[in-house]
Structures are given as structure tokens and as C-alpha cells.
1. Quick check on the stretch 34-85: take the gyration tensor over C-alpha atoms, sort the square-rooted eigenvalues as a ≥ b ≥ c, and tell me if it's rounded (a/c under 1.5), prolate or oblate.
2. Can you give the convex hull volume of the alpha carbon atoms of the stretch 280-338 per residue, in Å³?
3. So who's got an amide H within less than 5 Å of the one on R246, skipping anything under 5 residues away but keeping other chains? H placed 1.01 Å off N, in plane.
4. I'd like the FRET efficiency for R223 and R312, computed as 1/(1 + (r/R0)^6) with the beta carbon distance as r and R0 of 35 Å, rounded to 0.05.
5. What does the charge count around V143 come to, taking other residues whose C-beta lies under 11 Å from its C-beta (Lys +1, Arg +1, Asp -1, Glu -1)?
6. Once both labels are modelled 7 Å past Cα along the beta-carbon direction, what's the T31-D51 spacing in nm?
7. When you take every Cα atom in the stretch 241-345, what is the radius of gyration, and what is Dmax, the widest Cα pair distance, in Å?
8. Along the charge dipole of the stretch 32-128, which of G125, L99, P65 sits closest to the positive end, that is, farthest toward it, with unit charges on the beta carbon of Lys, Arg, Asp and Glu (+1, +1, -1, -1)?
Amino acid sequence: MTLVTVALSASLVAATPASTDQSAASVHGETEDRNREAMQLLAQPPFRPADLSLLSTLSYPQGPPMQPAPPREIADQKLVHQLMATLKPRGRHALEEGLAVFRSPQITAVVPNPNLRAALASLAGSPGQRSIQAIRNGLFSRVVLGITPRPEAIAMVLFGPATDPRPFIVFNQRYRYEDFRLLGEVFSHETLHRADANNHNEEAINEALHTAYHGQLLLQLPRLATSRTELARRLNTTLMALLNTRDSHGRQRLTRSTGHVLPGATTPLPSLAALQLGITPDGRTASDRTGTPGNANLDFYLSAVTRTRQARANFNTATVQVLERRQAWATPEERIRLARLLRLRLPHRPSRPHVSAQPSAQQTQLSRWSVRIDGHPVRTDATAPAIASGEAD
């Protein structure tokens, strides 16, 4: 009996790797099929919106009026609970870091509002996590709610009195009750700024990066896509523009597409980047020959979104082209899932497998979180006036 048992055990042990390999190969094959189907959809012209209540009236004035999140009590305990639920899937390090940020007296002195502090903490383990270091290092004197010089801006980097030459960040008080995770996206955009003056490249790059993060966040928390608050609708609209900025093969681009990326909007837009870089007389995305210095935050964010190692990147055409050539923030299937979450009209292909808006069992493991890039060894100028996007500055 013992010999038989040993023989059976050895057989099972020997069979396990083959069984595992077959299972892994099957899952890989299914994933490849789904991504192949997604690329066929993405190769089609830009997707039109089916539900304008999810999008900004700045682009679609025929949609229902926008309203920011209504007043509500924002208790620290509830913020901590939501923060833990957001960060736990990103790993223990992200969870510990986020909670430490929210509770830090040093950071509280700079970001006294709990909702904004939770917004910063929510960036732990994300492509925008270097924003936390920017605040810790004292690069900004304070981050507050207030009146922005441009009323339509979500947030702005401003400069204070000569007694403190450091910039500070003002979030439009209109958005004080918005979900902190959406505010975190805007936070990650603003902390990329450094100098008193930026250029169109800087805004285009920052917008592309935080919009990619918006897509990742919706993949983790799909309900944020349909919350229909003003901030959610504005961020959804830039995400729609990014999803529709793709070439005839379905590959993600930044400066060119196969049609208007906001179909039916008030202004024809050839790409997401055209929101900031402007449009040439012949309808293409313009360029900006000027550049401004980059920083470690840009290197990290750019590395995470492109899944390459970037170092000494600047806010210039070269970096715009990095994002034009390579964006790896989502798989083709995930991009289609996001299009479904935003209720965009997809081409009907009844003979092909359906790409769901819900993740499969394998996809529930958020492998793209807990971004860790320790070294950043590649760096990388047609102009037209930019048209204001009305989004984060």
C-alpha cells in the first residue's frame, strides 16, 4: 500500500506542472483572443457617445446641466475606510504609505483639508505617487480650497508673496465635496508643475498622464464612471478623447487619430493633445517648439504610463512623441471595457466574442498597481494657438 501511495503521489506531482502549464496556456490564449477582438473594434473610427449625462457640457452643451457633488459630511473615519478599500488591492506598501500620508502632521500642515489630503494619499501605489514626495519635500507651500483665477479651472498652481517664493495649489472650492479619488487625479497633474510659467507641451503631457490614470482608476472602481458629478463628467470627457485618439490599427496615440475624438462636440478635435497644443489650419494637431524643465515626478509618471524607463524628460515635443509612440496604461481589452463604462457606441460584431465592461476572474488581480520604478536611465520642438480645455491646469 505504501508503494502504491508513493507511486500515485509521484504521478500527481509529476502531472501538476503539465496541468498548470496547460491552464496557463489556456488563459493566455483566451486573453490573446479578447485583445485581438478588442483591437478590431479599436481599429474602427472614433466611438460616439450614447449617454451625454456622463460627459461635460463644455464639450456637449446639449447634455443635462452639470452639478458638482452636493454638500455632505466628510468624516475622517469614513475617508480612512474608503482609502483602505482603494489602496488594499495595490499591495501592503501602498496601503501603509497612503495611511501614513493621511495621518502625517507634516503633510496635514501643508494640506489641511481632509478630503484633499485623502486625494493625495490615494495616489500611493499609482503612476502619480511621486506627488506625495513633492509635498513631503516642501516643493509647494500649501494646498488649499479657494477661488481659482480662472473660474472654470479645477485646480491651479499659483505663486504667493515674496516672503515664500514657493508655489501653492488652489483647488476650486466648487469641487470640495467631490470624490477624493477623482481629486487625486487632478492632484497628480498639478504637482507635475514647477516653474512660474509653463507651455502648451507641459499641459498636454500632464493632461495625457492624469487621463491615463483616470482610465486605470475606473478599471479598479467602475462606479466612479457613472457618478455623474461635474468633476467625474469632465474627467470622463478627456478619457473619451484619449480612448478615441488612436490610429487605423487601433493603437493608442496622443496627437493623431482617424477622426474627431469627441464626435458631435461643439469643436472638432483631432486628438487629445489638440486640447492644449491647438489645431492647425488643415485640422491637424499643432505643436509647440518651446520646452520647460522636467522633474523626477515627470520621469516616474511617464515611466509608469509607457512602461519604459525615462530619465531627464522635459516638457517638450520629444516627450509628447514618447507618449505618441508608446502608451501601455491599459490593454486593448481594457480600453474597450472603458469605452463600455463611458457608454460609447461600439461597432456591432455579432459573429465575434463579446468584450464585457466587467473584468474576468483573472483580470480582477490589479497587476498594474503598485508601480515601482527605482531607476529611470532615456530622455528624450508648427505652432498654433491652443484652445482651452477647461480641465485641470
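Bear in mind these aren't lab numbers, they're just calculated from the coordinates by the rules spelled out. Owing to the predicted nature of the structure, the values given are computational and were not obtained by experimental measurement. With ideal geometry, Cβ positions are generated from the backbone for all residues, glycine too; neighbour counts draw on all protein chains shown.
1. Oblate, because a/c is 1.5 or more while a/b does not exceed b/c.
2. Here the figure is 107 Å³ per residue.
3. R253, T258
4. Here the calculated transfer efficiency is 0.35.
5. +1
6. Label-label distance for T31 and D51, simple model: 2.9 nm.
7. 14.4, 40
8. L99
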